[in-house]
Each structure stands twice: as structure tokens, then as C-alpha cells.
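One structure below.
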Amino acid sequence: MQAGDIDQLADSAAENDALNILPWVTMPENGETDGAGLEDTYPMEPDHEACYRALSTRDARFDGRFFTAVRTTRIYCRPICPARAPKRENVTFFTAASAAQEAGYRPCLRCRPESSPDLGVWRGTSNTVSRALTLIGEGALDGEAVDALAERLGVGERQLRRLFRQHLGASPFAVAQTRRILFAKQLIIETTMPMAEVALAAGFNSIRRFNATFQTLFQRPPRELRRSRLADADQPGAEGITLKLPYAPPYDWDAMIDFLGARAIRGIEAVDGRRCYRRSIALDGAQGVIRVEPDDREPALRVSIRFPHVNALAGIVRRVRRVFDLSADPLGIGEYLGRDPLLAPLVAERPGLRVPGAWDGFEVAIRAILGQQITVVAAVNLAAKLVAEYGEPLRPLYGNGLTHIFPTPERIAQAHLPGMPAARAQALSAVAAAALADPNLFSPSQTLEDATAKLRSIRGLGEWTAQYIAMRVLREPDALPAADIGLLRALTHAGESRPGTADVIARAEAWRPWRAYAAQHLWTMDARTSRANTRTNLKDNVDAHPRSASDPVPGSPRDHDRDIASHP
Ligand SMILES: [Zn+2]
């Protein structure tokens, strides 16, 4: 973005690239700037003038892109705060709530920064920061120190602190603390959970510390922040809570629910009338269910969670956000991808398209193996058999059509499905053994390359599956299953022969660091074209469904360009 564009910003609010108030978010050529030295030049604060104009008009499109901190009141707000706009000279702008909080501001009780869309505007510029935030969201700093987190990410502690300072303007510790406070505040306001459980759920080590933190920030005990006239219901978390999970609009719910619905495994997942997604979950040996549907009034999804342990709540919410890709910035990504003439019409047609995530890495890996050389429908049926045979029965209390939880690695290690080729059965066992040996197998690691190399080292998992897992589980926005038959088909020009994997990779250079989103657009188009073909000619049915072949064996170049499975 040029300096002149900033003047244009308030005047032409319809311009999508005006949303890019952070000049440093302009994408670098190679998509991975960490270590490239570029971050040294990144400014820490968003453009003051542009932000002030956005807040003056309460422009909802800027929600999640910055926070306004008011020096006179020591409060920080979302751009859409209904309170009277503060004077220009009294405000400081921050890109992250944690930065405002670390600078000594407290969250506004009216606009509730905890319900802003959590956009992650740094996503795509610093993958190390993105991965660190994922791990912090998993509770990495609730018990362990910053140096242990840095080590998992393969950077020095000082380097990690420097990256946080540059991209978020806050320390890793402040980010973790702010997340705890904001999640606690959401639970206080949106649920009737008792305060002791709120403290536990939000990751506070003691209720005394929780009370003291809120007393310092808000000059009152946490209980007094509860708006509901209902007193604490004295219900355990197991009875279920419902929370709103905001996103930055637009959101293509139809595309998301169609994707999940087509792959729903009987017994563990259900889609009710394109309106609601339900599934069974299991964490640390305990069972539960979640239910997700769009909110009627706000740009948010509503998640209802029934789970016996409140200290798992934050992790469950984080996973739901991952499945429904709630932190994506679709306008920013679309503006970038739309520069490619091939993608421009797809982005224009589906501006709110997200990359569906996955609940669990192990589950996706197993599904990918089951999907080799068969259609999506056949793979889903095979998975349902596996679930019925090896999944633990779900407590009837949770029922409503859901009967099992997905089989554990221990159970899969012994699985034998009749009629399954020996190679595939071995691949199932190999993934199960790897998951048992390395609990962080499906957690973010140092780079996309590291993560996929680790997955490829498992027998039966090739490059396609590794990239697919990186895309849906690790939420790597630049992951690309380049050998995918759907992508190859989408990139075939009329009258020409189908391109090879190398052609796809070369073509996709222009999409970095958002190749996963480009792939999702092409798949969505391809699925629709395929459905149309099915309707007109039943004989095309076989080709109409994404076909799959086994993943290439690592190091086997001859297999490298074979048509590989489409998304399981
Ligand atoms: Zn406010």
C-alpha cells in the first residue's frame, strides 16, 4: 500500500484494499518472512489517521483489525464501539488486544473486545507468530515458560519475543494473560457458569489470582460484571454452555456446511438440514458433544458444548474456531487472490469462502488413508464401519443420533477391516503408532516444510496427505496439495492436456502465502462442475466424484506426478 492510498481509504470505503490499514501486511514474494530480515522494518502501530477515520464512522469492516486505546479513560475499544468517539489526540491504536492490555488499558465493557473477530492480521506475514499463537491457545504458557515455547518453534527466546513485539506489539506472556482475561470475561457475560469454574476454564491457576486480576483491571469482583439477572446457576459445565464465536464477514456458511456434510461420518458427526453441525468429541479420555450453527443476528457462529471438564473449554473453543476457520480475513485474502485472473471470478462469487479445518489431526490422517483410491462417499462409508467397529460408544446422555467417538490410536493400531488392501491396513497401523509415539505429531512445528516432512516420514503418508493435513489441521494458509486431481482438473485449459504437479506448483507461486485458500476456491468450483456433469450424464459418475490413488511413496519420483486423492 502506498502512502497516497491511505487518503483514499476513508473516501472510498468500498475499496477492499483500503482494509489493509497495516502497510506491512503487503505480501512478500516468498510468503515466509521470518528470518528474512523484513520484519525489522515493520512498523508496530497501524496508521493513526486511517484508524481514526474508521473509528469515527464505526466501520464494521475494521472490527478486529485494530483496537482503540483512550489515554484519558485507560480503556480500549473495538472500532465499532457505540460510545462517543474519543478525541483524536487522546487515542493510541493497537493491532492486538494484548498490546493494549500490556500498555495498561482495560477492555471496554460496552463493545466487549472479547467478542471481536480475532482476525489475526499478521497471519501470512509471520508464520512463527501464527504457530506460537496456536500453541498459546492450547495453553502453552499457562504452565510452561516462554523459552520452552520458543524451543518447540525452533527459534531463540529473544527472537520469539522480538517477533511478537514486531507483529503484535505485545510479549508472549501478555498475549497469554489477555487471552485468559478475555475468555473469562466472555464466560462471565455469556454463560451462567459459577465463578470458580470460569477461573478454571480460562486457565487461571487459582481463583484468588482470577479475582485479583479482575479487581485490578475493573475495580470490582468478576461476579459484578455478569449482566444476566440470573444468579450463578450452580450448574457444572457438563450441563452445557453456549458461546458466540465472532468472525469477520462475509462467511460462506453454505460452502462450509456442504463440505462438512458431504464428509460427515455416521455415528460421530451429523448435519441437520444445512443449518447445524454436531459431532462427538473426546479429550484426555473424557467424552462430549458440540453443536455449531450460525447466529441469526450477529456475524458469529453459536457453539453449544457439553463436556464434563471445564478446564478443557478453551481448547474446545479453539478447535471449533479452527474447524470453521473463524480467524480468516476473507476480504484481505480475496483482495490478494483476486489479482489472478483465474481466481478473480471465483473470489467474486464466493467472497466468504473459508478453508474448512478439522477437529483432530489423527482422524483426518486416518480418513485420508481410507479415502485412497475410492470416492468420497465410499470413504465416508468405510470410515463409518471403522467407527462402528473400533470407536468407543458415546454415553447415551449425549446421543441424538451420535453413537460413538472416533477410534483412538490404540484401537486403530489393532484394526482389521475386511476387504482392505494390506498396504492400506499397514498405513493405518503406521499412523496410529506414530501418533502414539509423538503426542505433538499434529501440532504446529517450525515451518510448513518441517511439518510435512515429519508426516511424510510415516509409511503410507505422502506429500498430498501431508499438505492436506497441514492445511486442515495445522492451519497453514500456504499449504497446497499440488498433486490433487481436482486442482489439476481446475487448471486444465479447454482442449489442452492436463497439467502436471510441477505446473500446479509453478502456477501457485502467485498465490503465496494463501495457496490453501486458492485451492479451496478451485475445489469448490470443481465440485460444482462435477455435480453438474453427474446430473447430465450418469455414466460420468465415476469421474464426477473425486478419485483417489495411493499417495506416492516418499522418494519415488516416478509416482510423484500420479493423480492423487481428492480431499477426504
Ligand atoms: Zn468500547
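Values as computed for the structure displayed
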{"quantity": "Added length on full extension, which subtracts the Cα-Cα distance from 0.36 nm per residue, ALA425 to GLU496", "calculated": "21.8 nm"}
{"quantity": "GluC sites (Glu not before Pro) within the stretch 132-229, DSSP loop, no more than 16 other Cβ atoms inside 10 Å", "calculated": "GLU138, GLU144"}
{"quantity": "Histogram of C-alpha separations across the stretch 66-200, 5 Å bin width, %", "calculated": "2, 10, 19, 21, 18, 15, 10, 4, 1, 0"}
{"quantity": "Nearest-0.05 FRET efficiency for GLU389 and ALA510, computed from C-beta distance (R0 51 Å)", "calculated": "0.65"}
{"quantity": "Dipole magnitude of the stretch 242-297, debye to nearest 20 (Cβ charges: Lys/Arg +1, Asp/Glu -1, about Cα centre)", "calculated": "160"}
{"quantity": "Shape of the stretch 305-421, Cα gyration tensor, a/c cut at 1.5", "calculated": "oblate"}
{"quantity": "Potential lengthening between ARG58 and GLU151 on full extension [0.36 nm per residue; Cα-Cα distance subtracted]", "calculated": "29.4 nm"}
{"quantity": "Estimated translational D of the stretch 161-234 in µm²/s (Stokes, Kirkwood radius over Cα pairs; 25 °C; 0.890 mPa s)", "calculated": "188"}
{"quantity": "Distance between modelled label sites at THR192 and ARG88, nm, 7 Å Cα→Cβ extension", "calculated": "4.9"}
{"quantity": "For peptides 429-440, 62-73, sequence by mean Cβ density within 10 Å, most packed first", "calculated": "62-73, 429-440"}
{"quantity": "Euclidean distance between Cα centres, the stretch 293-325 to the stretch 336-381, Å", "calculated": "21"}
{"quantity": "Of SER126, PRO113, ILE136, farthest towards positive along the dipole that unit charges on Lys, Arg, Asp, Glu beta carbons give the stretch 64-160", "calculated": "PRO113"}
{"quantity": "Rough spin-label spacing in nm, given labels placed 7 Å along Cα→Cβ, for GLU298 and THR73", "calculated": "1.8"}
{"quantity": "Pairwise centroid distance, computed over Cα atoms, of the stretch 142-195 with the stretch 489-508, Å", "calculated": "42"}
{"quantity": "Calculated FRET value between LEU397 and GLU138, using beta carbons and R₀ = 22 Å, to 0.05", "calculated": "0.20"}
{"quantity": "Within the stretch 355-491: Cβ-based charge dipole about Cα centre, in debye rounded to nearest 20 (Lys, Arg +1; Asp, Glu -1)", "calculated": "320"}
{"quantity": "Charge dipole (debye, nearest 20) of the stretch 322-431; +1 at Cβ of Lys and Arg, -1 at Cβ of Asp and Glu", "calculated": "240"}
{"quantity": "SER206 paired with ASP284, simple spin-label distance in nm, labels 7 Å along Cα-to-beta-carbon", "calculated": "2.0"}
{"quantity": "Two-decimal Rg/Rh across the stretch 377-513, once Rg and the Kirkwood Rh are taken from alpha-carbon atoms", "calculated": "1.04"}
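Read-outs: derived from the displayed coordinates by stated rules, not from any lab. Every value quoted in this text rests on a predicted model; they were computed, and no experiment measured them. Quick reminder, even Gly has a Cβ in these numbers, built from the backbone with ideal geometry, and neighbours come from all protein chains shown.
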